[in-house]
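As structure tokens, the structure follows; a few thoughts come after it.
Laboratory data are not the source of any read-out in this text; all were calculated from the coordinates shown. This is a predicted model, so every value here is computed, not measured. All Cβ positions, glycine included, derive from the backbone under ideal geometry; neighbour counts span all protein chains shown.
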Amino acid sequence: MPHMGETLKIIRTSLSLTQSQLSAGIMTQSNYSKMEKGEIDVPFSKMIALLEKLGMSVEEFLYVHNHYSQQSANHLLRLSRLKYNDKERLVQYKKELVSQSTMTTREQELASIYDALILIADQNDYETAKQKVEPIWQRLEKHDIWYLYDIQLLNNILYLFPIDTAISIVSLALKQLKKYKNLRGINNLSANMQMNLVLLLIQHKRYETALAEVERLMDACIRKNLYLHLALCYSRKGLLLDLLGRGGSEPWYEKGEFLLDVMQNDDLKKEIQKEIQQYSASTQ
């Protein structure tokens, strides 16, 4: 893979910019030239300024730098896309992670998560799996500031915590996310956490609390144009009305299906239908 300077050079020349034009007001042309050659590193603040001149975000630059693909070594991204019963891949990912000579605290925590998921996939041992991830919450519980990595990590393993701990995690995470409200993708992350909590509440038969959460989230989804989440909210409201024996669920199921039909999201529609059948059957 090329170094960062080489990628900057490719982008700069494709836009017909000289080194002097791009570096003006940010750094000397001489230092910029050295950076393109990989002879010196550039301070983060100057890199941001260069990218702003190019009209490019850090995310896009890294995407281009990685040959127009997501970085495959991003274990958190892998975790979010992984089927938790895929033992073979879990073992493979953990092996790749621990093969490094030194591991950061975050990498050690990821290794613990892989251990927990392997236990579930192999032995369906949720109790031991929960013990594996408990130190992660114990660490974060002491901190006043959570970063997005920590929040995404917790969201991926929320179901491994006791329900009251999960409620506390989501409440604290949502407060932390307010600081990131202007960052792209934050609304989706916030809604994902709340939807995961709703499902946990349903699993623990806390239907009244789940219904209150769904109704609060519905309003937010409408304001923020989160239509996939809104479709899920409608369907789960219908499910909760059924579970509470209140009736009036059909209009909510219909609203959810209508939105998914408009968005042509048949996969999510099937998943929701399976979810409704599963939890409806559990009460019969």
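Descriptive notes on the structure:
- Within the shell defined by Cβ-Cβ distances under 14 Å, the residues around ARG206 carry a net charge of -1, with Lys and Arg each +1 and Asp and Glu each -1.
- Computed extension length for ILE222-LYS34: 62.7 nm, one decimal, from 0.36 nm per residue of separation with the Cα-Cα distance subtracted.
- Subset of LYS224/LYS255; LYS175/LYS224; LYS130/LYS181; LYS83/LYS142 violating a 20 Å alpha-carbon distance limit: LYS130/LYS181; LYS83/LYS142
- Per-residue [θ]222 nm for the chain (sum of -39500 (n - 2.57) over DSSP H runs n ≥ 4, rounded to 500): -22500 deg cm²/dmol
- Between the Cα long axis of helix 207-224 and the first principal axis of the chain there is an angle of about 40°, rounded to the nearest 10.
- Among LYS269, LYS224, LYS46: highest mean-square fluctuation, GNM of the chain, C-alpha pairs under 10 Å: LYS46
- Of [x] 18.2, 59; [y] 23.1, 75; [z] 19.4, 61, the label for Rg and Dmax of the Cα atoms in Å derived from the coordinates: [y]
- Sorted peptide list for 168-174, 194-200, criterion being average Cβ within 10 angstrom, highest first: 194-200, 168-174
- Seen against the Cα atoms of the chain and their longest principal axis, helix 44-54 is set at about 90 degrees.
- Extension gain for ARG246-GLU88 works out to 52.5 nm (0.36 nm per residue, less the C-alpha to C-alpha distance).
- Annotation: extensible slack from ARG206 through LEU183 equals 5.0 nm (criterion: 0.36 nm per residue apart, minus Cα-Cα distance).
- Label reach from TYR63 (point 7 Å along Cα→C-beta): in the stretch 148-189, amide nitrogens under 14 Å belong to 184-185.
- With R₀ fixed at 30 Å, the C-beta to C-beta distance from GLN108 to ASP41 puts the FRET efficiency at about 0.65.
- Residue of ASP41, ASP261, ASP86 that the Gaussian network model of the chain assigns the largest fluctuation, springs spanning Cα pairs under 10 Å: ASP41
- FRET efficiency, 1/(1 + (r/R0)^6) with R0 25 Å, evaluated for TYR126 and GLU96 via beta carbons: 0.50
- Charge context of SER101, other residues only, Cβ under 15 angstrom, K/R +1, D/E -1: -1
- Qualifying trypsin sites (Lys or Arg not before Pro) in the stretch 1-36, DSSP loop, other Cβ atoms within 10 Å at most 15: none
- With K and R counted +1 and D and E -1, the other residues having a Cβ less than 9 Å from that of ILE26 yield a net charge of +2.
- Taking label positions 7 Å along the Cα-Cβ direction at both ALA281 and ALA24, the computed distance is 6.9 nm, reported to one decimal.
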